[in-house]
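These notes are about the structure you will find just below.
The values are calculated or read from the model by the stated rules, or taken from the named source; none is laboratory data. Every value quoted in this text rests on a predicted model; they were computed, and no experiment measured them. Cβ placement follows ideal geometry from the backbone for every residue including glycine, while neighbour counts extend to all protein chains displayed.
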Amino acid sequence: MFNKIMKGMLVMLILSPFTGFAADAKYDVATFAGGCFWCVESAFEGIPGVVSVVSGYTGGTKENPTYEEVSSGTTGHAEAVQVTFDPKKVTYKQLLDFFWRQIDPTDGGGQFVDRGAQYRSAVFYHSDEQKRLAEESKAALEKSGRYDKPVVTEITKAGTFYPAEEYHQDYYRKNPIRYKFYRHNSGRDQYLRKIWGKETVGSFKLPRYTAEGYRKPGSETLKKVLSPLQYEVTQEEGTEPPFKNEYWNNHDEGIYVDVVSGEPLFSSRDKYDSGTGWPSFTRPLVPGNIVKKTDSSFFMTRTEVRSAHADSHLGHVFDDGPAPTGLRYCMNSAAMRFIPRDDMEKEGYGQFLKLLEK
């Protein structure tokens, strides 16, 4: 924990039990709750002027709560982040504007896939000035007409902030694969893109993957981060319904990666409408990430397609495709994640952008 706080130039060593303000008068502290603190922490750490972001628990009654106690919903605490910042470089108002772009402020029952008061959204103010600014910012958001439901994010006085266990700090850096799975399947980014469009800020940046980086987590982790359909398709050789899957009719530019490992598989450049109701491609983006196997199930012989690093079942390949390859890679949407062209660089797939150029 000491190292986590020290990265803010020795900003604070002791947190006040009532305000949480840093001992160094050059810096201020802000506390926000927006569901899973992994996601909120990763967003705020990228802001110029932010010195330190610590994940923790606040707003409850039990002293020194553990993650297990907080996540059970019995302590009254919320998962939150405490942001130490330099007000000469970034203002509290700017942090508030950034905060709204990370959450669903109309959800009073949690945030995205995480349900319960422990995942509520909240602004915990440390001064009358912060309270005033938070209330003004919330009122402006509600009057903006951006939402068709009331803004219910609570604004309440900050109390004791308890730093979370060390393994939760910088989780997105320590466990990038698991974090990526969780974040995508939580629905957070999909919602933020829908509400804010190109105004969305704070998306995490994944590392640039190498072949060694395409890892497959254990089955218990996969069961938590994949949807039941994604698990059935990739791990149990299942098949999703035609015309009722995510990408069969997707015409956006970008690439498709393995939902389990992130290894790049196909490009929108090679996608075509096969009329089958499944996403179909004439060739793989990275041939080395594709493995073909003989499939003799269902009293027929077909060629199964699997990913090389995660060994995910993707679909099948047939020889009835169009030129120039004559092949039809018939894939399951549930086995893939689509990376839009505009997101490829920040998600670590910038090296493939030139392949989308016409």
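Of the residues THR156, THR160, which is in contact (Cβ under 8 Å) with a residue 40 or more places away in the chain, part of a loop (DSSP other than H, G, I, E, B) and outside the structural domain of PRO217 (by TED's automatic domain parsing)?
Of THR156, THR160, the one residue that is in contact (Cβ under 8 Å) with a residue 40 or more places away in the chain, part of a loop (DSSP other than H, G, I, E, B) and outside the structural domain of PRO217 (by TED's automatic domain parsing) is THR160.
State yes or no: is ASN332 assigned by TED's automatic domain parsing to the domain that holds LEU229, under 23 Å from the mean Cα position of the chain (by Cα), closer than 17 Å to GLY238 by Cα and touching a residue at least 40 places away in the same chain (Cβ under 8 Å)?
On the way: assigned by TED's automatic domain parsing to the domain that holds LEU229: yes; under 23 Å from the mean Cα position of the chain (by Cα): yes; closer than 17 Å to GLY238 by Cα: yes; touching a residue at least 40 places away in the same chain (Cβ under 8 Å): yes.
For ASN332, the condition - assigned by TED's automatic domain parsing to the domain that holds LEU229, under 23 Å from the mean Cα position of the chain (by Cα), closer than 17 Å to GLY238 by Cα and touching a residue at least 40 places away in the same chain (Cβ under 8 Å) - is met.
How many residues does the stretch 67-91 contain that are in contact with a Ser or Thr (Cβ under 9 Å, 6 or more places away or on another chain) and not aliphatic (A, V, I, L, M)? Walk me through it before giving the result.
Residues of the stretch 67-91 in contact with a Ser or Thr (Cβ under 9 Å, 6 or more places away or on another chain): 69, 75-85.
Adding the requirement that they be not aliphatic (A, V, I, L, M) leaves 69, 75-77, 79, 82, 84-85.
Looking only at that region, the number is 8.
Read through the list (1) surrounded by fewer than 19 Cβ atoms within 10 Å (Cβ to Cβ); (2) among the charged types (D, E, K, R); (3) at pLDDT 95 or above, then give the number of the only condition that GLU165 fails.
(3)
How do the pairs read when you match residues in the stretch 134-146 that are at pLDDT below 95 with residues anywhere that are surrounded by 11 or more Cβ atoms within 10 Å (Cβ to Cβ) and of a type in the set (S, T, N, Q), using Cβ under 9 Å and keeping only pairs 6 or more apart or on different chains?
From residues that are at pLDDT below 95, the pairs are LEU141/THR153.
Assigned by TED's automatic domain parsing to the domain that holds TRP248, within 25 Å of SER227 (Cβ to Cβ) and of a type in the set (D, E, K, R): which single residue out of ASP270, ASP320, ASP343 fits that description?
So the residue among ASP270, ASP320, ASP343 that is assigned by TED's automatic domain parsing to the domain that holds TRP248, within 25 Å of SER227 (Cβ to Cβ) and of a type in the set (D, E, K, R) is ASP343.
Here is a yes/no grid of residues against (1) modelled with pLDDT under 95; (2) outside any strand (DSSP E or B):
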position	(1), (2)
ALA33	no, no
SER42	yes, yes
PRO48	yes, yes
VAL53	yes, no
GLY56	no, no
THR61	yes, yes
GLU68	yes, yes
GLY76	no, yes
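Which one is nearest to GLU135 (Cα to Cα), of the residues in the stretch 78-91 that are assigned to a loop (DSSP other than H, G, I, E, B) and in contact with a Gly (Cβ under 7 Å, 6 or more places away or on another chain)?
Step by step, filter the stretch 78-91, then rank; the result is VAL90.
Can you pull out every residue in the stretch 1-31 that is over 27 Å from ASP104 (Cα atoms) and modelled with pLDDT of 50 or more?
ASP24, ALA25, LYS26, TYR27
Please go through the stretch 315-358 and pick out each residue that is hydrophobic (A, V, I, L, M, F, W, C), over 27 Å from ARG193 (Cβ atoms) and surrounded by 14 or more Cβ atoms within 10 Å (Cβ to Cβ).
If the condition is that a residue be hydrophobic (A, V, I, L, M, F, W, C), over 27 Å from ARG193 (Cβ atoms) and surrounded by 14 or more Cβ atoms within 10 Å (Cβ to Cβ), then VAL317, PHE318, LEU327, CYS330 are the ones that fit.
Pick from MET336, MET300, MET331: which is within 21 Å of PRO242 (Cβ to Cβ) and out of contact with any strand residue (DSSP E or B) (no Cβ under 9 Å at 6 or more places or on another chain)?
On the way: MET336 fails: out of contact with any strand residue (DSSP E or B) (no Cβ under 9 Å at 6 or more places or on another chain); MET331 fails: out of contact with any strand residue (DSSP E or B) (no Cβ under 9 Å at 6 or more places or on another chain).
Answer to the selection: MET300.
Quick one: which residue in GLN102, GLN130, GLN94 is in the same structural domain as PRO65 (by TED's automatic domain parsing), crowded, with 18+ Cβ neighbours inside 10 Å and in a helix (DSSP H, G or I)? Write out each step before concluding.
Values: GLN102 fails: in a helix (DSSP H, G or I); GLN94 fails: crowded, with 18+ Cβ neighbours inside 10 Å.
Result of the check over GLN102, GLN130, GLN94: GLN130.
Scan the stretch 291-318 for residues that are over 18 Å from PRO279 (Cβ atoms) and modelled with pLDDT of 95 or more and report the count.
Qualifying residue count, the stretch 291-318: 0.
Output the residue which, of all residues in the stretch 248-262 that are touching a strand residue (DSSP E or B) at 6+ places or on another chain (Cβ under 6 Å) and within 18 Å of SER307 (Cα to Cα), is surrounded by the most Cβ atoms within 10 Å (Cβ to Cβ).
Among those that are touching a strand residue (DSSP E or B) at 6+ places or on another chain (Cβ under 6 Å) and within 18 Å of SER307 (Cα to Cα), it is VAL259.
Restricting attention to the stretch 305-329, which residues are of a type in the set (Ser, Thr, Tyr) and under 24 Å from the mean Cα position of the chain (by Cα)? Write out each step before concluding.
Here is the first cut: in the stretch 305-329, the ones of a type in the set (Ser, Thr, Tyr) are 307, 312, 325, 329.
SER307, SER312 - these are the residues of the stretch 305-329 that are of a type in the set (Ser, Thr, Tyr) and under 24 Å from the mean Cα position of the chain (by Cα).
For the stretch 156-184, how many residues are farther than 18 Å from GLU69 by Cα, within 20 Å of the chain's Cα centre (by Cα) and of a type outside the set (D, E, K, R)?
Result for the stretch 156-184: 9.
Enumerate the strands (runs of 3 or more DSSP E) found wholly within the stretch 231-295, keeping only those where 2 or more residues are in contact (Cβ under 8 Å) with a residue 40 or more places away in the chain. First the steps, then the outcome.
On the way: elements: 254-258, 264-267, 290-295.
Filter on the stretch 231-295 gives 254-258, 264-267.
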